[in-house]
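The block underneath contains the structure these notes are about, expressed in structure tokens.
Nothing in this text is a laboratory measurement; each read-out follows from the coordinates by a stated rule. This is a predicted model, so every value here is computed, not measured. Positions of Cβ are backbone-derived with ideal geometry, glycine not excepted, and every protein chain shown enters the neighbour counts.
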């Protein structure tokens, strides 16, 4: 049956017009409304409201969907309709708006252009569109109207996750209210716009953004925002899988729902306490897997987990931290280790791109290293607190427990306390070799089952005192009250060595972002090493790469002496050996064809390449399994730098080479090799067990400087500079 509306109507898209004795409203494009003598192509019999899709206004002027009958199935959609239609050119058109604030008159030779600033999909309008009381017809009409240009708005706001959130919420609400039963064609069009702008790839980022969002003009709290958004995503995705399963599988991916569920483990999400917001996705997993198995070819089913993890790591790493890491405590508080709450952490590596700045990099490294120490202590203390000690005698992991602990006397000169503990179960421990109570170890004393605790660190490890159940400790809480000396404590010692963590964490907090070494390489801005600045100033530097003891050492500062030694050697060696030695001692390191090769340097090809890389690049990383000559090559590099220090020292009076090794034994071994070609070595630290390095210890240099009048002035100055540097590092 054909509708014959005669009332007032509203048009929204394309060439929809209302006429035949009535007036109407126009919202977009070339729609016209007025009293026309000829029927319009879109509405041949009367005036009515037009909207996206195949919709007409009835005689009452209300929106309605035309059922697909013989009278309506031939009606074109707003995307298929032409941009103009037949009308009476002698009769002017008039468009009025009640409440819309604009008017329009069109005649035969005049058509007013649409206002350029009429862009309805701004943030404030989306806030209203995402509310629960909006009709589905209004949502799809606004999002699907070509003149509103949803695609352009999305393109301009791809980095604005709050804006994208509102679009998804509005469309999800449309699906929840079964809007697709009436507006299926318009819904499909809008979904394709979202896919073209890769909006579905940003769903995880939108969820991560909600806890840290700073938008103040949203009438919904963050907890409700998260629940509202997850519900909208579920309804939108499931409706897509029903209406367009193959297309939806490809744009959502096989693990769309499971990836979203995994986000609830993030500390920022947990802090909102809305775990039930993700329960809705459990039902969607089955729907997605069913559609996937039916519509996706086998070769597309192969999952690339690495790519998905990279995207997750990048999104998580760029979250804003809740506080400034430079103000965080290095010494654990009760809340840090006695509450089962996960801290704010971000991945340490941004797989794609680079770290945005030095502060972000330092923040990530600080929090991860801090948690690396806090977590074992937290696990041990929570296990002890929750343990039923009447029925279980199992010792908690990660901590060592001592009972019957008392605080004895205080030594004012040494600023330490002596505490006594029960050693009834410690009689078999060899305190000389045991790793218990190492200097700097953290001790937690509690008299109330760790409802509170007091922190101490080991100040002096005396095996004789330990054998009698006593240890000297430093109180880390200021002044100790006299009342605590009357109590009996349980003491927990962390098995993780605290002192090394404290030193590094404190240093990370003090690093200045403006004086960060190798910034471009560490942050990932540059991946190809560049030449150091001191070599850029030299046109063609010539290096001495010799390594045998009969050739000049780094102590020969006069180039003439070096040339004399070379000349004396050439007088006694054979011609082939002379040419080889000359190439080694006069190596043009920038000329690959003229510099010594691996055979000349008595290295294998990989070692030779590593040597030249270390001498000509700002940064070099040399790796290899045991026995491949890393230590030997390191000695060759150090001697080459010392022999040719005139290139990189410049006018500087002091420019030391810093050598750092993972263990004291490795450092002693390396420094012992260096001592064969230079005596200017300072061994920092008191853990050296190498007799050959005793004369190079910092204490030995200090004694030589203060105990002998014949020590040169520059040596004294050198020692003072080292002391100043160490004091600056400690501050």
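FRET efficiency for the pair residue 426 and residue 516, taken as 1/(1 + (r/R0)^6) with r the Cβ-Cβ distance and R0 = 45 Å, rounds to 0.45.
The order of 502, 636, going from fewest to most other C-beta atoms within 10 Å of their C-beta, is 502, 636. Distance between the modelled labels on residue 214 and residue 279, one decimal in nanometres: 3.5 nm (7 Å Cα→Cβ projection).
Diagonalising the gyration tensor over the Cα atoms of the range 354-492 and scaling each eigenvalue by 5 before taking the square root yields semi-axes of 29, 21, 17 Å, largest first.
The gain in end-to-end length when the residue 507 to residue 531 segment is fully stretched comes to 5.8 nm, 0.36 nm per residue minus the alpha carbon separation. Model label points for residue 411 and residue 623, set 7 angstrom from Cα along the Cα-to-Cβ axis, are 4.5 nm apart. Per-residue packing, averaged as other Cβ atoms within 10 Å, sorts the ranges 319-329, 253-263 into the order 253-263, 319-329, beginning with the highest. Sorted on the mean count of surrounding Cβ atoms within 10 Å across their residues, most packed first, peptides 123-129, 335-341 read 123-129, 335-341. How would the range 435-519 be classified by its alpha-carbon gyration tensor: rounded, prolate or oblate, with rounded meaning a/c under 1.5 and the a/b versus b/c comparison settling the rest? Because a/c hits 1.5 or more and a/b exceeds b/c, the range 435-519 counts as prolate. Label 7 Å along Cα→Cβ of residue 631; the range 680-702 residues with amide nitrogen under 16 Å? Those under the cut-off are 688-693.
Cα gyration tensor of the range 123-303, axes a ≥ b ≥ c as square roots of the eigenvalues: rounded (a/c below 1.5), prolate (a/b > b/c) or oblate? Verdict is oblate for the range 123-303. Each of 468, 235 has some number of other Cβ atoms within 10 Å of its Cβ, and from fewest to most they run 468, 235. Peptides 637-645, 456-464, ordered by how many other C-beta atoms sit within 10 Å of their residues on average, highest first, read 637-645, 456-464. FRET efficiency for residue 659 and residue 470, Cβ-Cβ distance as r, R0 = 51 Å, nearest 0.05? Using R0 = 51 Å, I get an efficiency of 0.85.
Footprinting exposure proxy ranking of 195, 354, 539, fewest other C-beta atoms within 10 angstrom first, gives 539, 354, 195.
For the pair residue 686 and residue 271, a Förster radius of 56 Å applied to the C-beta separation gives a FRET efficiency near 0.80, rounded to the nearest 0.05.
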